[in-house]
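Accompanying notes for the structure given below.
The values are calculated or read from the model by the stated rules, or taken from the named source; none is laboratory data. None of the values given here were measured: they were computed from a predicted structure. Neighbour counts are summed over all protein chains in view; Cβ atoms, including those assigned to glycine, are modelled from backbone coordinates with ideal geometry. Side chains are part of the model used for accessible areas, which takes the heavy atoms of the whole protein and leaves out ligands, DNA and RNA. Shrake-Rupley method; radii C 1.70, N 1.55, O 1.52, S 1.80 Å.
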Amino acid sequence: MLPLLLVVLVMLLSLNHFASGLISPLSNLPRKTILALSSRRLLSTTTSLFSQNDPTPTSSMSPSLPPVPPSATRVVLMRHGESEFNTANIFTGWCDVALTPRGVVEATEAGQVFLSNNIRFSCCYTSVLSRSISTAFRALESAGVGWVDMVKDWRLNERHYGALQGLSKERTGSRLGREKVMKWRRSFYARPPAMEPGHPHYDMIEEDYRYRGLKKAGGITKGESLEDCQQRVVEAWNDIISSSCQSDSEDDEQDYVLVVAHANTLRSLIMHLDEIDVESIEDVNIPTAVPFYYDVGPGGGVVSKKPEGEFRGKYIYDDLKKRTFLERRRAAQDPWLWALRDDDVEEEMLLKERQESLDAATIEEEAKRNTELFAGNNPNPKPKKI
């Protein structure tokens, strides 16, 4: 009796679905003809539903990812989705800006890629900034694993851009000199001018409750070079790997670890994992919400046949989303209260620390914001150079 009721229920639901899609376009036909056509189509659909052993369409699945090497942990790294300041081309750092509508879509698409690859996460790590947390939550929810534990660590925060935070990159380059600003942005060693009490963001960050532990431990940074950023990121990475390697799986499936962070956070981590030299890291860009993974041994080293000094991460994709990654366009949306006018930050603060200018011949043209790394049909591209 129960199977018969289920069949009737499916037929009723299917009939309602086809009523708008079939009867309306055929409104000029006789009623008997319309009902006959609907019945045939309904019978075909009902048979198809009951004949499928797996309701998930396999045509959208990408090739299975290779198995995780013995004694290794597979860690998926991903930059947050597009933020308000990404679209406005503003120095972000620790400014707690939100995702744009496009960024929300990017995070959801990343989760769908996880789902299509049958990736199962045991835990997730983010920074304490909203754009990272929101991206992780939406991606996990879209992948059907929104219940996964999420650990928030300030050490995964974006690089602190000091007095530059909240300012337009383009206008600051025109104001202070492109070579000087590019050195602050891309160099491994150059530290931007420090954020001082006169900066509009100073009290906002100093009084932020999420950083109360930092204040007790010696104070909040006022500006970082990529080298400074790398030191705390590597510390966080070592803790993540140590914790992940201690968790034993009781079945044959290998759990993955997800880390959702920021452009410079991931640049500095890639530099550490792949032992990329100081000159080459200046040319590495990380796209928004495009996941890639490393297989990491118990000691924290990358398990890979590629030589050191090359990008050894592998991108995760599926055939349906790969095109979307390539065709991403930016959403236009004004940023909120963190955005500053040029004169909100005194020039004296920006120029207080003397910086040696770079040779103009060594500075290449800046790439478009958030360079896309998918090129052609190659599912595992290397980061582009700008």
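What to note about this one:
- In this simple spin-label approximation, L351 and S130 carry label points 7 Å from Cα along the Cα→Cβ vector, and these lie 3.5 nm apart.
- Accessible surface ranking for R131, R178, 1.4 angstrom probe, highest first: R178, R131.
- FRET E, pair R178, D283, Förster distance 25 Å, beta-carbon r, rounded to 0.05: 0.90
- A crude spin-label estimate for the pair E235 and M204, with each label 7 Å from Cα along the Cβ direction, gives 2.6 nm.
- When Rg and the Kirkwood Rh are both derived from Cα coordinates, the Rg/Rh ratio for region 68-162 amounts to 1.00.
- Non-local Lys pairs in region 78-225, i.e. 8 or more apart or on different chains, that have alpha carbons under 19 Å apart: 7
- Length gained on full extension, N118 to A98: 4.3 nm, using 0.36 nm per residue less the C-alpha separation.
- Where only alpha carbons of region 128-265 are counted, the Rg and the Dmax (Å): 17.9, 59
- Spacing of the two label points (7 Å from each Cα toward its C-beta) at A194 and L214, in nm: 1.5 nm
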